[in-house]
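First the structure, in the form of structure tokens, and then the observations on it.
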Amino acid sequence: MGKRAESWVVTDAFWQRVEPLVPQRVAPEDKVYRRRPGAGRPPKPARQVFEAIVYVLRTGCQWKALPKERFGSASAVHKRFLEWEKAGFFEALWRAGLAEYDEMQGIAWAWQSVDGAMMKAPLAQEAVGPNRTDRGKKGEQAPPAGGRPWRPVVAHRDRANVNDGKRLDEVLGAIMVKRESPPVRRHKHLCADAGYRSADNARTIEQHGYIAHVVDRRKEADIKRRDPRKKARRWVVEVCHSWFNRFRKLLVRDEKLARSFLALNHLAAAIIAFRKVPLKLNIIYG
């Protein structure tokens, strides 16, 4: 058995899925470049840039701490990262991963779950406020969704001590892969914990066509204990949090811009989606 590749290694099979989506650099039409033939440095290969971004996401290192002997200039990598984010590359990659997963495995549309997560954001310049769970330190609220098809939403220009339910409408309206409307409403359920128990949240869930199942964790455990045949539906969002926690760059937000942090979340979600595609050979490690 061969040696297992590190979690930040981009395999050939994975790169084949990524390469068609990489934005091409186009020179502005209103600018004229004058330089001698052969002068200047050629742009970094796209695969090298992508591998560097995955390395940062997986290891949690600072951009400037990228191994120079392997990836070259860290500032050049970060510049390309921002260019790709602006072009919508990371979101497109996630959408492609979800589409492949839905085609080969199938997204569990009937039962979906939602929950929020808190994280520290000591260097963030926007979209943060005092974290009510960490002695008022600077923090951020980012509710990712379970069941994979929803976009992580960062609380913009809001405080981190806002209840999760305040972001519910934005989350439910941010599905990346649209599904066909179910023939009957009973095929569309949404599970959430007690933090979403309010009249406003009930109306929001109803407006999006879901049947709400809002119970606290203790009651959920009691129901399962009384009737072992009952399935625990909300666990998918908890395991979704654990998948995101494997990407060390997301554990503490040290990105100054919210759009940069969202792009890293989109890339993590894309990797998760591609890893769940049922193939004979796992194209992504870690």
Relative packing of 92-99, 169-176, which averages over residues the other C-beta atoms within 10 Å, highest first: 92-99, 169-176
Ranked packing of 51-57, 66-72, most packed first, by mean Cβ within 10 Å: 51-57, 66-72
In Hz, Karplus ³J(HN,Hα) per residue of the stretch 246-253 (6.51, -1.76, 1.60; θ = phi - 60°; x = Gly, Pro): 6, 9, 5, 5, 9, 5, 10, 7
Charge sum, other residues only, whose C-beta stays under 12 Å from GLU85's C-beta, Lys/Arg counted +1 and Asp/Glu -1: +1
³J(HN,Hα), Karplus 6.51/-1.76/1.60, whole Hz, each residue of the stretch 51-57, x for Gly, Pro: 4, 5, 5, 5, 4, 5, 4
Nonlocal amide H pairs with GLN112, under 5 Å, H built at 1.01 Å: HIS189, LEU190, CYS191
Peptides 263-269, 14-20 ordered by average Cβ neighbours within 10 Å, highest first: 263-269, 14-20
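Readers should treat all values here as calculations from the given coordinates under stated rules, not as data from a laboratory. None of the values given here were measured: they were computed from a predicted structure. All Cβ positions, even for glycine, are placed from backbone atoms using ideal geometry, and neighbour counts span all protein chains on display.
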